[in-house]
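Here's the structure, in structure tokens; my notes come after.
The values are calculated or read from the model by the stated rules, or taken from the named source; none is laboratory data. Just so we're clear, the structure is a prediction, and the values are computed from it rather than from any experiment. All Cβ positions, even for glycine, are placed from backbone atoms using ideal geometry, and neighbour counts span all protein chains on display. Protein only, heavy atoms only, side chains kept; ligands, DNA and RNA dropped before computing areas. Shrake-Rupley method; radii C 1.70, N 1.55, O 1.52, S 1.80 Å.
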Amino acid sequence: MIKYLKHHEIDRQQWDDCINHSANGLIYALSWYLDVVCPDWEALIKDDYQYVFPLTPGKKYGIGYLYQPYFAQQLGIFSVHPTHAVITGMFISAISKKYRLVEINLNESQGILTENPVWDTNDKKMRFIQNLNLKLSLDQSYEELLSRYSQNTKRNLKKARESKVSIVNTTSVTEIIQMFRQHRGKDIEKMNDQAYAILQSLATECNQRGCLRILGAMADGKLCAGVVFVSWNQHHILLFSAVNTRARHNGAMSLLVDSFIKEHAGSDGILDFEGSNDVNLARFYRSFGSAENFYDSLRINHLPFIVKAGLFLLRKK
């Protein structure tokens, strides 16, 4: 039986034990991480924390729903046991009974449900959307990893060195956020003040827990690009990055990623590039020899027609 627990009812020790021992565990699902990205998160629990599913409630136009928090690309089911289709179907059914509007991402271990549905295929108000993620295994030498870079990336690395771009370590995400807001961020509607505040808090928490790494690229003594990585159990996530106009021409971002790869080459680690649904980002991430992985978004809309119509009109304003 699947139990629904409110935030204050969750046994955090048991929760984190499950995530820590799950083959598909992700830093996004640890209790302290969820506290930052969605402070009022709830849970579905099965078999005394053998299976857990974080619920991230919010409000859209005054209507309660489940959403995907900023900086938590994948959630879904986490378990110390293999997750098969029947279990996935049970959790999805439990979600749909609790929430009438759902817009969340599952994790890769749930399989590609767009191709192997585990829900009532007659329910036109429930659907799955396939998403692309790119990952690079770091278990080979740097020379072997470098040989798989695209020719364009190798040219960018040469350009960065000729431009005397240098890499520095920092623990401050503020300057990188400011750079992003001044350049790419102003064209991304969903990146708002709340998102940047969450990133700032997340960087602080991750730094205190020893799982934050921020690299900056300097050109003529000034920051021109930066990357924020979070790491847990040898899973390194490229969480956030920013470049200014100069970095678009001097290969700084390629040098930043290459520097991280070089440092971790020959380990058991994985570099998770995230953000791969963006065509241009996917092209850049592929250029380091990364491999395709897929995960699904779950969309449920069981709202009455009159409410849907109202939401549609609000979005059009």
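Things worth noting here:
- With every protein chain in place, the range 26-85: carbon and sulfur % of accessible area (1.4 Å): 54 percent
- Subset of Lys190/Lys262; Lys158/Lys222; Lys46/Lys98; Lys46/Lys135 violating a 22 Å alpha-carbon distance limit: Lys190/Lys262; Lys46/Lys135
- Placing +1 on the Cβ of every Lys and Arg and -1 on the Cβ of every Asp and Glu, with nothing else charged, gives the range 198-270 a dipole about its Cα centre of roughly 200 debye.
- Both the radius of gyration and Dmax for the chain are 20.6, 62 Å, in that order, over alpha-carbon atoms.
- Rounded accessible area per residue of the chain, 1.4 Å, Å²: 49 Å²
- Kirkwood-based shape ratio for the range 163-303, expressed as Rg/Rh from alpha carbons: 0.97
- Carbon + sulfur, % of accessible area of the range 172-249 - ligands and nucleic acids excluded, 1.4 Å: 43 percent
- Mean residue ellipticity at 222 nm, helices only, the chain: -10000 deg cm²/dmol; runs of at least 4 DSSP H residues each add -39,500 (n - 2.57), and the sum is divided by the number of residues.
- Over the chain, relative contact order from alpha-carbon pairs under 8 Å, at least 6 apart, %: 23 percent
- In the range 143-226, taking the dipole from charged Cβ atoms about the Cα centre, the farthest positive-side position among Leu212, Tyr196, Leu157 is held by Leu157.
- Basic side chains Lys and Arg get +1 at the Cβ, acidic Asp and Glu get -1 at the Cβ, and with that the dipole of the chain about its Cα centre reaches some 1500 debye.
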